[in-house]
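Okay, structure first, notes after.
The values are calculated or read from the model by the stated rules, or taken from the named source; none is laboratory data. Predicted model, so just to flag it, every value in this text is computed and none were measured. For neighbour counting, all protein chains shown are included, and Cβ atoms are generated from backbone atoms with ideal geometry for every residue, glycine included. Surface areas here come from the heavy atoms of the whole protein model, side chains and all, with no ligands, DNA or RNA. Shrake-Rupley method; radii C 1.70, N 1.55, O 1.52, S 1.80 Å.
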Amino acid sequence: MIYECAIIGGGPAGLNAALVLGRSRRRTIVFDDDHGRNLVTRESHGFLTRDGIRPEELKRLGREDVAKYDCVDIEPKRIIRINRVTETHYELTTADGSVYHSIKIIIAVGLKEKLPNIPDIEKFYGTSLFSCPYCDGWELQEQPLAVIADKMVFDLAKKVYNWSKDLVVFTNGEGRLEESEKSRLEAKGIIVREERIDGLEGKNGQLSNVRLEDGTLIERSGGFTTPLWTHAADFAKELGCKQNEYGGITTDEYGRTNVWNVYAAGDAAQIVPAQLIIAAGNGSAAAIGVNGDLTNEYFDRE
Ligand SMILES: Cc1cc2nc3c(=O)[nH]c(=O)nc-3n(C[C@H](O)[C@H](O)[C@H](O)COP(=O)(O)OP(=O)(O)OC[C@H]3O[C@@H](n4cnc5c(N)ncnc54)[C@H](O)[C@@H]3O)c2cc1C
């Protein structure tokens with residue numbers, strides 16, 4: 001069997017694409033190995049009607065919506081290889097060696113994150129330390145916060161200041177701040193610590209102190225940091241998709257990439273701003289692109 005569209009990734013981007021393709025009566029398959037980027041958190045915010053929902057629950061509801069359309073299959077499998085085998089379609093191979101065929105592909109793999117190299121940081125990430133103030137700033141407002149950054153530290157600190165004025169910026173020995181930026185932060189009462197961080201302290205993911213290399217403890221109850229982002233799978237590069245300056249896959253407004261029959265949606269295309277509702281929205285746009293193109297390709301042939 002040859003599917004009309006294979007969607008790689010079943011996060012909000014992939015599932016919303018599947019929903020729209022299901023409703024367009026397209027034979028669709030979604031592959032998802034369930035490593036969504038926000039699964040480290042307890043709550044998701046800013047998604048209209050679902051503010052505060054657990055990420056797993058949002059995904060369960062999304063799958064439930066898609067399951068109403070029997071032309072859509074969902075496979076809990078990881079795709080490891082995509083080959084263009086003929087002039088008509090692609091061959092997709094899963095980690096367990098199964099092979100599937102599809103005319104079109106939507107890459108909705110999301111991003112993987114590399115946190116700054118600080119001992120124990122992953123124990124706090126997603127509970128009291130986050131990367132996106134729009135997602136989690138409200139819950140941390142007015143608290144003593146840390147801004148721990150490898151890059152973009154000045155911009156992040158400026159942004160977080162909107163939620164709390166009690167800020168300590170940690171550059172972790174990387175010297176990422178210009179002198180003028182440092183003065184602008186200090187003029188606002190923001191403390192800047194440029195020493196290397198030795199570790200983070202706290203219990204059950206709740207931050208209580210940032211420990212500097214000389215042993216100084218700085219009390220903080222939460223904060224923000226800047227992970228490095230890369231695509232959760234390398235298909236865009238392997239297939240030859242162009243990427244923008246942020247590393248996102250370049251698409252038109254219907255998710256089309258420069259590569260034949262390959263579309264992209266969600267964080268992998270968007271990079272910033274990265275939000276559940278934006279990912280879902282561009283999943284929908286990519287599905288409309290796929291269905292529109294299939295319609296044009298089939299109409300005079302059928
Ligand atoms: C800590 C944290 C908190 C966040 N909080 C919020 C919030 O409160 N509100 C908000 O709007 N946004 C939040 N975000 C951002 C949000 O998680 C992303 O914008 C959103 O998940 C992007 O959706 P996506 O579908 O593009 O990717 P994802 O949700 O990451 O989904 C991609 C899916 O593709 C799968 N996949 C990847 N490669 C393969 C492969 N080769 N084969 C099969 N499956 C594959 C993954 O396992 C995953 O399930 C947060 C992010 C983080 C890190």
For this session: From Ala233, Ala265, grab the single residue that is surrounded by 17 or more Cβ atoms within 10 Å (Cβ to Cβ), touching a helix residue (DSSP H, G or I) at 6+ places or on another chain (Cβ under 8 Å) and not charged (D, E, K, R).
Result: Ala265
Exercise. Hey, any hits in the stretch 42-52 for a residue that's of a type in the set (A, V, I, L, M, F, W, C), closer than 22 Å to Tyr254 by Cβ and near the ligand (Cβ under 9 Å from one of its atoms)?
Worked result: no
For this session: State all residues of the stretch 151-197 that are open to solvent by 40 Å² or more (accessible area, probe 1.4 Å) and within 26 Å of the chain's Cα centre (by Cα); if no residue qualifies, say none.
Result: Lys151, Met152, Asp155, Lys158, Lys159, Tyr161, Asn162, Trp163, Glu174, Arg176
Seminar exercise, completed: Note on Val66: of the conditions (1) open to solvent by 60 Å² or more (accessible area, probe 1.4 Å); (2) without any contact (Cβ under 8 Å) to a residue 60 or more places away in the chain; (3) within 14 Å of the ligand (Cβ to nearest atom), unmet is (1)
For this session: Just give me the residues in the stretch 80-90 being open to solvent by 50 Å² or more (accessible area, probe 1.4 Å) and either away from the ligand (no atom under 11 Å from the Cβ) or of a type in the set (A, V, I, L, M, F, W, C) (or both), in sequence order.
Result: Ile80, Asn83, Arg84, Val85, Thr86, Glu87, Thr88
Problem set entry | Candidates Lys59, Lys77, filtered to the one that is near the ligand (Cβ under 9 Å from one of its atoms) and either modelled with pLDDT under 95 or not in a loop (DSSP other than H, G, I, E, B) (or both) | Lys59
For this session: Identify all residues within the stretch 32-59 that are loosely packed, with under 14 Cβ neighbours inside 10 Å, farther than 20 Å from Ser131 by Cβ and touching a Lys or Arg at 6+ places or on another chain (Cβ under 9 Å); write none if there are none.
Result: Asp34, Glu57
For this session: Among the residues of the stretch 6-26, write down those that are of a type outside the set (A, V, I, L, M), over 14 Å from Ser284 (Cβ atoms) and buried (at least 17 other Cβ atoms within 10 Å of the Cβ).
Result: Gly9, Gly10
For this session: Test Ala274 against the stated conditions and say whether it is touching a strand residue (DSSP E or B) at 6+ places or on another chain (Cβ under 7 Å), modelled with pLDDT under 95 and within 25 Å of Asp136 (Cβ to Cβ).
Result: no
For this session: For Gly289, work out the one condition from (1) surrounded by fewer than 18 Cβ atoms within 10 Å (Cβ to Cβ); (2) modelled with pLDDT of 95 or more it doesn't fulfil.
Result: (1)
Problem set entry | Selection status of Asp300, acidic (Asp, Glu), away from the ligand (no atom under 11 Å from the Cβ) and either in the same structural domain as Leu156 (by TED's automatic domain parsing) or loosely packed, with under 13 Cβ neighbours inside 10 Å (or both) | yes
For this session: Answer yes if at least one residue in the stretch 265-283 is more than 8 Å from the ligand (Cβ to nearest atom) and among the acidic types (Asp, Glu), and no otherwise.
Result: no
Seminar exercise, completed: Within the stretch 91-113, the count of residues that are of a type in the set (Lys, Arg) and within 14 Å of the ligand (Cβ to nearest atom) comes to 1
Seminar exercise, completed: All-but-one check, Leu228 against (1) open to solvent by 40 Å² or more (accessible area, probe 1.4 Å); (2) more than 24 Å from Thr93 (Cβ to Cβ); (3) away from the ligand (no atom under 15 Å from the Cβ), failing number (3)
